[in-house]
Amino acid sequence: MTPLKLVLAFIRRKPATWSFHGLTLAVAVAATGAVLLVEQAARVQLARDLAGVDLVVGAEGSPLQLVMSTLFQADVPTGNIPLAEADSLAADPLVATAVPLSLGDSFGGARIVGTTRDYAALYGARLDRGRWWSSPLEAVVGAEVARRQGLAVGDAFAGAHGLSPGGYAHEGEPYRVVGVLAPTGAVIDRVILTDVASVWALHDHENAGATDAPHPDEVHGHGGSVAPEADRQVTAVLIRYRSSLGAVVLPPKVARIAGLQAASPPRETQRLNGLLGAGAGALARLGQGLLALAGVGFIVAMSAAILARRRELALLKALGASRARLAVLVSTEGVLLGLAGGIAGVVLARGLSEAVARWGGAPLSLPIAPPSILDLALVGAAGLIGLLASLPAAIIAGRTDPVDVLGEG
């Protein structure tokens, strides 16, 4: 009988015991692997959503809230700033790109972002179907929004007040879908884009009613009007520097303007990672503790199994099996069980990470990486744990004296 058949025969003798220890190891690998996969996905997603933006300028408040609301679309804005200030920043010679954002409405949980086509350029987004907007209340929807809400070119929908489902809907002035973006994997997949004038037209029409005659400079949209340019506002401006000198000059310049703040996306993302890192670290330590516990369980189980089958091992040794062969036999058993637990753990880890990535809806969607070297490393680590845990049992097996054991009667 080959060593592999012998090992399988040993395992089949007590399948419940070995299944329990294999499951313990699988759970430990799953906990560790899920944390690593989600962390990896979060880093990739954050890098995509930052889109190379160097500075976010918005209303005074929390810098982290400003970055979360404008770049990650995962918080409420800090307020609005005058359009004149945004235009002044855009005209600064140290600014390569200045993209205005107007937030406030949503549809089915997807945020409606009033902006320019430069916003799509930040993410390298392109049209999959249709065209870009050319007049107020025309919209281009992200790939994920189109999939979830079943929107296609030519459809109409009503935006709702607020950035979560359930707000008052602008039923009288619906948006019309004129384009659908191709998937990018970034936050732009989960938003609806329109011209800034759409936001102004929609809300100024509500506020002004139909009692005042329009100003010659007003922009019209579906019977509404936009306030004079001096009164217009945007939520924030996303800025890319023309040179590294911008990082030195622009933030202090913004800080001197009353009511404005400048937030650095890389710095605030680092703060966010620090806030989330403690929880992730605790989960990782839990997984490591489970791995250690699984290793101890393997040692106890293997040692008990060797003591229970001392007569079989002694008989094998009497028939010519060397100490090394017996040690290899026991070690092979530990490695096989470790690999089985590792493979099961990786499958569980991927299931857990996919569930976490999808939990809570679009703002938390994360791109879980396909099987990679990480999966092999986790399976290899489980196999190594099985090997190390089997060493004490292998030593016991190698020292088995057939005369003493078989002579016990």
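Structural remarks
- Comparison of V67, V95 shows that the only residue that is β-branched (V, I, T), assigned by TED's automatic domain parsing to the domain that holds Y175 and touching a Phe, Trp or Tyr at 6+ places or on another chain (Cβ under 8 Å) is V95.
- Of the residues making up the stretch 48-57, one or more are in contact with a Ser or Thr (Cβ under 6 Å, 6 or more places away or on another chain) and surrounded by 17 or more Cβ atoms within 10 Å (Cβ to Cβ).
- Search result, residues across the stretch 73-104 that are among the acidic types (D, E) and at pLDDT 90 or above: E85, D87, D92
- Which numbered condition Q149 misses (of (1) out of contact with any strand residue (DSSP E or B) (no Cβ under 6 Å at 6 or more places or on another chain); (2) exposed (fewer than 14 other Cβ atoms within 10 Å of the Cβ); (3) over 10 Å from G179 (Cα atoms); (4) not hydroxyl-bearing (S, T, Y)): (2)
- Residue match in the stretch 194-203 (condition: under 30 Å from A357 (Cα atoms), of a type outside the set (G, A, S), at pLDDT 80 or above and assigned by TED's automatic domain parsing to the domain that holds A125): yes
- Within the stretch 318-335, tally of residues that are in a loop (DSSP other than H, G, I, E, B) and either exposed (fewer than 14 other Cβ atoms within 10 Å of the Cβ) or touching a strand residue (DSSP E or B) at 6+ places or on another chain (Cβ under 6 Å) (or both): 3
- Restricting L276, L286 to residues that are assigned by TED's automatic domain parsing to the domain that holds G345, modelled with pLDDT under 90, under 30 Å from G52 (Cα atoms) and in a helix (DSSP H, G or I) narrows the list to L276.
- Options D75, D49; residue that is in a loop (DSSP other than H, G, I, E, B) and within 22 Å of the chain's Cα centre (by Cα): D75
- G221 being at pLDDT 95 or above, in the same structural domain as P77 (by TED's automatic domain parsing), of a type outside the set (D, E, K, R) and farther than 25 Å from V76 by Cα: no
- Which listed residue is crowded, with 22+ Cβ neighbours inside 10 Å and outside the structural domain of A160 (by TED's automatic domain parsing), from G114, G33: G33
- Of the residues P363, P392, P402, P371, the single one that is under 30 Å from G108 (Cα atoms) and either at pLDDT 85 or above or not aliphatic (A, V, I, L, M) (or both) is P363.
- Any hit, the stretch 228-239, residues being at pLDDT 75 or above, surrounded by 14 or more Cβ atoms within 10 Å (Cβ to Cβ) and over 29 Å from the mean Cα position of the chain (by Cα): yes
- All of E60, E39, E85 fail the test of being over 30 Å from A355 (Cα atoms), buried (at least 18 other Cβ atoms within 10 Å of the Cβ) and of a type outside the set (F, W, Y), apart from E85.
The values are calculated or read from the model by the stated rules, or taken from the named source; none is laboratory data. Owing to the predicted nature of the structure, the values given are computational and were not obtained by experimental measurement. In this analysis, Cβ positions are derived from the backbone assuming ideal geometry, glycine residues included, and neighbour counts consider all displayed protein chains.
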